[in-house]
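J.: Can you read through this structure? Questions will come right after.
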Amino acid sequence: MNEACREAYERGRRAGEACLGSLQSNAENYLRWARAEYPLSAGLDYVAECGRLDRERIDAVPDLTRFPELRGMRERLVAERQGFQDAGHSPEWTGWHFTWPWFVSRRLNTRYVGRAGPAAACTAVYFAESAEGPIIGTNRDVPYWAGSGEGAEPPDGFRRPWRLLAVSAGVHCDEEPREIFPVDTPAIMPKDCRQIADISAFLTRYREFWGPGNFIFIDETLDSVVIEKTNCRLGFRKPYKGASAVTACTYMTPEIRPFMLERQRYSLEARGWSEDAPDWVYWRGNDRRNERLMALTSAEAERGSTLGGVLDILLDHRAPFPDRICLAGETDHPAMRAEEANWTMDTAATVLEGTARRTVARHSTEHVPVYDVDPCLTPGEDIALRQEWIEEARLHTG
């Protein structure tokens, strides 16, 4: 076993040990969700299906003349899974751990018509220019049973040569990619992909391996691009005055939007539904939310972005649901289950560079709207706390 494979084995073993005794119990929420959201698939043994599919994916090594970055990757993937399995997991549960998200987007969502929710409805914004430095902001919106994320990222400076922000998106009855080999596409991006043009070209070449979702990529010059991604298609949006923003479960680029609408209508027809169905109401609500996000982001870029302004976008609940950005368990159709409604669980805004590096974050508990939660202010390493920052954080609480 070479060094790369030994490292992969140890990485898998550590991951397996970390979830030993909890993997199956933690997975039950996702399995129960899939049975409810894709009722035609309820007879499948999801864990066994993932085990088989994961093995099939590892054997599906692509053309290495087109994808030379994947040389030696199969051996590392096998080693990583062996390490996870040797930590005490069955082959089937090992496969589930590594391939469940892919199984949902490329098998359940393509072969079994389901409901629209409760997909995460997260938001991400980026402003390259402000008086204090580049700023990112994120909301993590999920049903309350899905729990919190990892919270705010520490204000540790910009991860050059590029940074990635991502939110969930997808299309019912989407296409299935021909390439199924497991690839962590951002992780294998060559080091010479340092600017948006290079990043975009690489991701276009690997378009069947990654996504779906809506993504903001930021390069070493602080330029950014939004990439909207289905299973196999992608579209690009340029920043407006240095600002980019994405929210979940909708697409607006001309490369994707017509396809999204056609597939959504097809999924309604396949179920004998009309446009008053909860899915259609949910999808059009996502469109409205996206329109509001674009308007708020553009206005902030026009007047000159600030951390407080970014917080105002993330905590926006002035508009009625579903237009509002910050969520607190609202639904807009009587058939939508309240327990599956999205809540903004975590919100954070960070100044990434300079002498004003800091993060303001909130975490919701006990079904309290995140805009009613006290903020947590964390200065960057070796950055002295300032009184005006404390006042700013308090001011932008709801």
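The values are calculated or read from the model by the stated rules, or taken from the named source; none is laboratory data. The shown structure was predicted, so the numbers you read here are calculated from the model rather than taken from an experiment. Cβ coordinates were reconstructed from backbone atoms using ideal geometry, including for glycine residues, and neighbour counts include every protein chain displayed.
J.: For the stretch 227-252, which positions are outside any loop (DSSP other than H, G, I, E, B) and more than 20 Å from Thr347 (Cβ to Cβ)?
T.: So the first thing to find is which residues in the stretch 227-252 are outside any loop (DSSP other than H, G, I, E, B), and the list is 227-229, 234-237, 240, 243-247.
Scanning the stretch 227-252 gives Ile227, Glu228, Lys229, Leu234, Gly235, Phe236, Arg237, Tyr240.
J.: Surrounded by 17 or more Cβ atoms within 10 Å (Cβ to Cβ), farther than 16 Å from Glu80 by Cβ and polar (S, T, N, Q): is that true of Ser41 in this structure?
T.: Numbers: surrounded by 17 or more Cβ atoms within 10 Å (Cβ to Cβ): yes; farther than 16 Å from Glu80 by Cβ: yes; polar (S, T, N, Q): yes.
In short, yes.
J.: Restricting attention to the stretch 307-344, and to residues there that are assigned to a strand (DSSP E or B) and in contact with a helix residue (DSSP H, G or I) (Cβ under 7 Å, 6 or more places away or on another chain), which single residue is farthest from Leu377 (Cα to Cα)? Walk me through it before giving the result.
T.: The initial filter retains those residues of the stretch 307-344 that are assigned to a strand (DSSP E or B), namely 328, 342-344.
From what's left, in contact with a helix residue (DSSP H, G or I) (Cβ under 7 Å, 6 or more places away or on another chain): 343-344.
Details: Trp343: 22, Thr344: 18 Å.
Here the answer is Trp343.
J.: Would you be able to tell me the number of residues in the stretch 7-57 that are in a helix (DSSP H, G or I) and either under 14 Å from Phe103 (Cβ atoms) or not assigned by TED's automatic domain parsing to the domain that holds Trp93 (or both)?
T.: At the first step, the residues of the stretch 7-57 found to be in a helix (DSSP H, G or I) are 7-18, 23-37, 39-41, 46-57.
Retained after the next criterion (residues that are either under 14 Å from Phe103 (Cβ atoms) or not assigned by TED's automatic domain parsing to the domain that holds Trp93 (or both)): 27, 30-31, 33-35, 37, 41, 46-57.
Final tally of qualifying residues: 20.
J.: Here's a check for you: in the stretch 359-398, which residue that is touching a helix residue (DSSP H, G or I) at 6+ places or on another chain (Cβ under 6 Å) and surrounded by 20 or more Cβ atoms within 10 Å (Cβ to Cβ) is farthest from Asp141 (Cα to Cα)? Walk me through it before giving the result.
T.: So the first thing to find is which residues in the stretch 359-398 are touching a helix residue (DSSP H, G or I) at 6+ places or on another chain (Cβ under 6 Å), and the list is 360, 362, 364, 375, 377, 392, 396, 398.
Now restrict to residues that are surrounded by 20 or more Cβ atoms within 10 Å (Cβ to Cβ): 360, 362, 364, 375, 396.
Working: Val360: 17, Arg362: 12, Ser364: 10, Pro375: 17, His396: 19 Å.
Among those residues, the one meeting the criterion is His396.
J.: Which of the residues belonging to the stretch 222-247 are in contact with a helix residue (DSSP H, G or I) (Cβ under 9 Å, 6 or more places away or on another chain) and among the hydrophobic types (A, V, I, L, M, F, W, C)?
T.: If the condition is that a residue be in contact with a helix residue (DSSP H, G or I) (Cβ under 9 Å, 6 or more places away or on another chain) and among the hydrophobic types (A, V, I, L, M, F, W, C), then Val225, Ile227, Leu234, Phe236, Ala243, Ala245, Val246 are the ones that fit.
J.: Suppose we filter the stretch 3-30 for residues that are of a type outside the set (S, T, N, Q) and surrounded by 14 or more Cβ atoms within 10 Å (Cβ to Cβ); how many remain? It would help to see each step written out before you state the result.
T.: Quick first cut of the stretch 3-30, residues of a type outside the set (S, T, N, Q) only: 3-21, 23, 27-28, 30.
Those left that are additionally surrounded by 14 or more Cβ atoms within 10 Å (Cβ to Cβ): 5, 7-9, 11-13, 15-17, 19, 23, 27, 30.
Residues that pass the stated criteria total 14.
J.: Something else about it: Only one of these conditions is not met by Trp273: (1) surrounded by fewer than 17 Cβ atoms within 10 Å (Cβ to Cβ); (2) within 19 Å of the chain's Cα centre (by Cα). Which number is it?
T.: Condition (2) is where Trp273 drops out.
J.: Here is a follow-up. Tell me whether the stretch 166-184 contains one or more residues that are surrounded by fewer than 23 Cβ atoms within 10 Å (Cβ to Cβ), among the charged types (D, E, K, R) and either closer than 28 Å to Gly304 by Cβ or in contact with a strand residue (DSSP E or B) (Cβ under 7 Å, 6 or more places away or on another chain) (or both).
T.: No, every residue in the stretch 166-184 fails to be surrounded by fewer than 23 Cβ atoms within 10 Å (Cβ to Cβ), among the charged types (D, E, K, R) and either closer than 28 Å to Gly304 by Cβ or in contact with a strand residue (DSSP E or B) (Cβ under 7 Å, 6 or more places away or on another chain) (or both).
J.: With respect to the numbered conditions (1) within 19 Å of the chain's Cα centre (by Cα); (2) under 24 Å from Val104 (Cβ atoms); (3) surrounded by 18 or more Cβ atoms within 10 Å (Cβ to Cβ), which one is the sole condition not fulfilled by Ile188?
T.: (3)
J.: Return the residue satisfying two criteria in turn: it lies in the stretch 58-80 and is of a type in the set (A, V, I, L, M), in a loop (DSSP other than H, G, I, E, B) and in contact (Cβ under 8 Å) with a residue 12 or more places away in the chain, and of such residues it is farthest from Glu92 (Cα to Cα).
T.: Of all residues in the stretch 58-80, those of a type in the set (A, V, I, L, M) come to 58, 60-61, 64, 70, 73, 77-79.
Imposing the further condition that a residue be in a loop (DSSP other than H, G, I, E, B) reduces the set to 60-61, 64.
Filter once more, so that each one left must be in contact (Cβ under 8 Å) with a residue 12 or more places away in the chain: 60-61.
Details: Ala60: 18, Val61: 21 Å.
For the stretch 58-80, the residue satisfying everything is Val61.
J.: Please tell me if Thr350 is assigned to a strand (DSSP E or B) and modelled with pLDDT of 90 or more.
T.: Details: assigned to a strand (DSSP E or B): yes; modelled with pLDDT of 90 or more: yes.
Here the answer is yes, as Thr350 does meet what is asked.
J.: Additional query: Identify the single condition in (1) more than 23 Å from the chain's Cα centre (by Cα); (2) under 25 Å from Ser168 (Cα atoms); (3) at pLDDT 95 or above that Gly95 does not satisfy, given that it satisfies every other one.
T.: (1)
J.: From the list Leu268, Leu261, pick out the single residue that is in contact with a Phe, Trp or Tyr (Cβ under 7 Å, 6 or more places away or on another chain), within 24 Å of Val104 (Cα to Cα) and in a helix (DSSP H, G or I).
T.: Details: Leu261 fails: in contact with a Phe, Trp or Tyr (Cβ under 7 Å, 6 or more places away or on another chain).
Of Leu268, Leu261, the one residue that is in contact with a Phe, Trp or Tyr (Cβ under 7 Å, 6 or more places away or on another chain), within 24 Å of Val104 (Cα to Cα) and in a helix (DSSP H, G or I) is Leu268.
J.: So, one more: Which of (1) crowded, with 16+ Cβ neighbours inside 10 Å; (2) in contact with a Pro (Cβ under 9 Å, 6 or more places away or on another chain) does Gln195 not meet, given it meets every other one?
T.: (1)
J.: I would also like to ask the following. Looking only at the stretch 25-40, count every residue that is over 23 Å from the mean Cα position of the chain (by Cα) and closer than 23 Å to Pro182 by Cα and tell me the total.
T.: Within the stretch 25-40, residues that are over 23 Å from the mean Cα position of the chain (by Cα) and closer than 23 Å to Pro182 by Cα number 0.
J.: Right, here's the next one. Using the structure shown, decide if Tyr46 is within 30 Å of Arg271 (Cα to Cα), touching a helix residue (DSSP H, G or I) at 6+ places or on another chain (Cβ under 8 Å) and at pLDDT below 95. Outline the logic, then answer.
T.: Working: within 30 Å of Arg271 (Cα to Cα): yes; touching a helix residue (DSSP H, G or I) at 6+ places or on another chain (Cβ under 8 Å): yes; at pLDDT below 95: no.
So Tyr46 fails the test.
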